[in-house]
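Below is one structure, written out as structure tokens; the observations come after it.
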Amino acid sequence: MRASQFFISTLKEAPSEAELVSHKLMLRAGYIKRLASGLYTWMPLGLRVLRKVENIVREEMNRSGAVELLMPAVQPAELWQETGRWEVFGPQMLKIKDRHDNQFCFGPTHEEVITDIARREIRSYRQLPVNFYQIQTKFRDEVRPRFGVMRAREFVMKDAYSFHPDFDSLEQTYRVMHETYTRIFTRLGLQFRAVAADTGAIGGSGSHEFHVLADSGEDALAFCPDSDYAANVELAEAVAPSGVRAAASATLEKVVTPGQKSIEEVAAFLQVPPQQVMKAIAVMTGEGQFVLILLRGDHQLNEIKAAKVLGDFHFASDEEIKQHMGCRPGYIGPVNVRVQMLFDRAAAAMSNFVCGANEDGYHYSGANFGRDVPLNDAQVHDLRNVVAGDASPDGKGTLELCRGIEVGHIFQLRTKYSQALNATFLDENGKSQIMEMGCYGIGVSRIVAAAIEQNYDERGITLPLAMAPFQVAIAPIGMKKSEAVREAAESLYRQFAEAGIEVLLDDRDERPGVMFADLELIGVAHRVVIGERGLKDGMVEYQGRRDSAAQPVALADIAAFVRTKL
């Protein structure tokens, strides 16, 4: 490709709305252009990268035995109403009407559509298992689109859906998809980690997320460096403390804590560590029941874990706390109360602790279970986020934390959608059975941004070779003025092109500094500089995108030299 026939549109500075490094660099490099909030045009450079990701995803999905199709982006409301998701999916669904006033949505996902295909087309167990996939544009009306294509409203996704005669078959395909995703992200040259995850709104019995590791990641991940254990912090189990609870050795004392309401304030005022203070969080269940959730002061509530115990809940208002506890927030605690209480495992192991006295301006010190606070096993649950140093749930070491950007998610859906849509088949005995289902998604456009978060420097984008927009750039200095430079550049360009190498000949009439800055910013993997002075000695300069300096290479050897780098 000649730069003069391509379209390169770089910026010296990123627009002010760009926050993440990837967003800034994608705008500066001319990968994307903003159309509206959460809507981006993929410009020629960015599209080259996006297509490379798509191609690797497609090759590996085909290799796995999955079958590609393409479903409509616009879906009828009736299918979503059958599964009950038309109302519950929420305002992120873009609902539209046609001229006949029929309701549709712009598909945020395709479980309903693919299950409708299965119930119409699959009749016998002989047609199972089957795994369909597509690479297609989705739309979800994010409340706060941000970070460029990382959290856009319109995005490109690979979504696959498998159908099975039984759970064993589903588990086998699930393992194949896990291996397939591992190959995809390995081929893309990314540092990633697969973690056990919550199934969320999609539903099902089990799932794994695939995260590109980056400090800017929205998700916290827990992993054990001494084993294969890894999970999203939302799901990672906080193991109960080992040993028995220490015996009570302090008397219960009511102490004045004027204006001290937060854990930090109370701990500092009473000169105790935060882990010696019990944190009380008041919530209201969907049935209107008031519940106290008790945690160790240095721990954070995991709302997903709490919802698995309580069902839907919301945090109680100041008025609701006053009504049930008789005091303001900041002073509530578990001593002498008649409301339902749930204790995190670590909180249930505390002794001689500080807690709210259920009276404004007062706390208890020296509180203990049994004597001051009733406790039974049914009240104790895993309710908190894990922290670094916690015991690994597999018993093989301790946990460490890192951050990741979710780029893939696989689910065992089981029969959630096939049951609702009556997707059945006849088994070997001619008996009708509900199909088991799996679901496997990859955020194709998100991968590009996530990869840049992991691969950049002060000069711009440093994508792995598998994703770089061009493998090699030829940068001729003074090409318009020097016939020798022009002939050498054209000859090398032909050699690379004939060898099937993705090459960009920068034949623009630009100064060397501008040319080099653009090629580094957009992330071309390898660069060959041809200048008249070097040609006099039969030499050119080579520099890899991540190299700190260029090196001289003989013009006669440069083509073979670059091929070894590829």
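List of remarks:
- With the highest mean first, a sort of the peptides 353-364, 548-559, 16-27 on other beta-carbon atoms found within 10 angstrom per residue produces 353-364, 16-27, 548-559.
- Judged by the mean number of other Cβ atoms found within 10 Å, the most tightly packed of the peptides 135-142, 522-529 leads the ranking 522-529, 135-142.
- In region 472-565 the Cα-Cα distances spread across 10 Å bins starting at 0 as 17, 56, 27, 0 percent of all pairs.
- Per-residue ³J(HN,Hα) for region 218-228, Karplus 6.51 cos²θ - 1.76 cosθ + 1.60, θ = phi - 60°, Hz, x for Gly and Pro: 7, 9, 8, 10, 10, 8, 10, x, 9, 8, 8
- Sorting the segments 207-213, 410-416 by their mean number of nearby beta carbons within 10 angstrom, highest to lowest, gives 207-213, 410-416.
- Rg [Å, one decimal], Dmax [Å, integer] - region 253-381, C-alpha atoms: 13.5, 40
- Cβ-based exposure ranking for Met341, Met157, in which fewest neighbours within 10 Å come first: Met341, Met157
- Placing a pseudo-label 7 Å from each Cα along the Cα-to-Cβ vector at Lys480 and Lys33 gives an inter-label distance of 2.4 nm.
- Projecting the alpha carbon convex hull of region 189-323 along each direction and taking the average yields 13.1 nm².
- Degrees, to the nearest 10: 444-454 long Cα axis against longest axis of the chain: 90
- Derived scalar couplings ³J(HN,Hα) [region 524-529; Karplus, 6.51 cos²θ - 1.76 cosθ + 1.60; whole Hz; x for Gly, Pro]: 5, 5, 9, 9, 10, 9
- Karplus-derived HN-Hα couplings along region 498-507 (A = 6.51, B = -1.76, C = 1.60, θ = phi - 60°), whole Hz, x at Gly and Pro: 5, 7, x, 8, 6, 10, 10, 8, 7, 9
- Between 0 and 90 degrees, the angle of helix 44-64 with respect to the longest Cα principal axis of the chain falls at about 70 degrees.
- Globularity ratio of region 90-177, using Cα Rg and 2.2 N^0.38 Å: 1.37
- Radius, Kirkwood style, for region 407-478 when every pair of distinct Cα atoms is counted (Å): 16.8
- Distance from the Cα centroid of region 328-396 to that of region 212-227 is 29 Å (rounded to whole angstrom).
- Considering only region 253-381, percent of DSSP beta bridges that pair antiparallel, nearest 5: 70
- Size of region 127-182: Rg and Dmax of its alpha carbons, in Å, are 15.3, 43.
- Cα-Cα separations in region 327-422 greater than 15 Å, expressed as whole percent: 75
- Burial ordering of Lys52, Lys279, Lys12, fewest other beta-carbon atoms within 10 Å first: Lys12, Lys52, Lys279
- Per-q log10 I(q)/I(0), the chain, q = 0.06, 0.09, 0.10 Å⁻¹ (Debye; single scatterer per alpha-carbon; no solvent): -0.44, -0.86, -0.99
- Efficiency of FRET from Cβ geometry, Asp219 and Lys308, R₀ 22 Å, rounded to 0.05: 0.70
- Share, in percent, of DSSP beta bridges within the chain that are antiparallel, nearest 5: 80
- Gap separating the Cα centres of region 161-183 and region 59-74, nearest whole Å: 14
- Dividing the C-alpha radius of gyration of region 72-124 by 2.2 N^0.38 Å, with N its residue count, gives 1.18.
Just so you know, all these numbers are worked out from the coordinates, no wet-lab data involved. Since this is a predicted model, take the numbers as computed values, not measurements. Glycine gets a Cβ as well: all are built from the backbone with ideal geometry, and neighbour counts include every protein chain shown.
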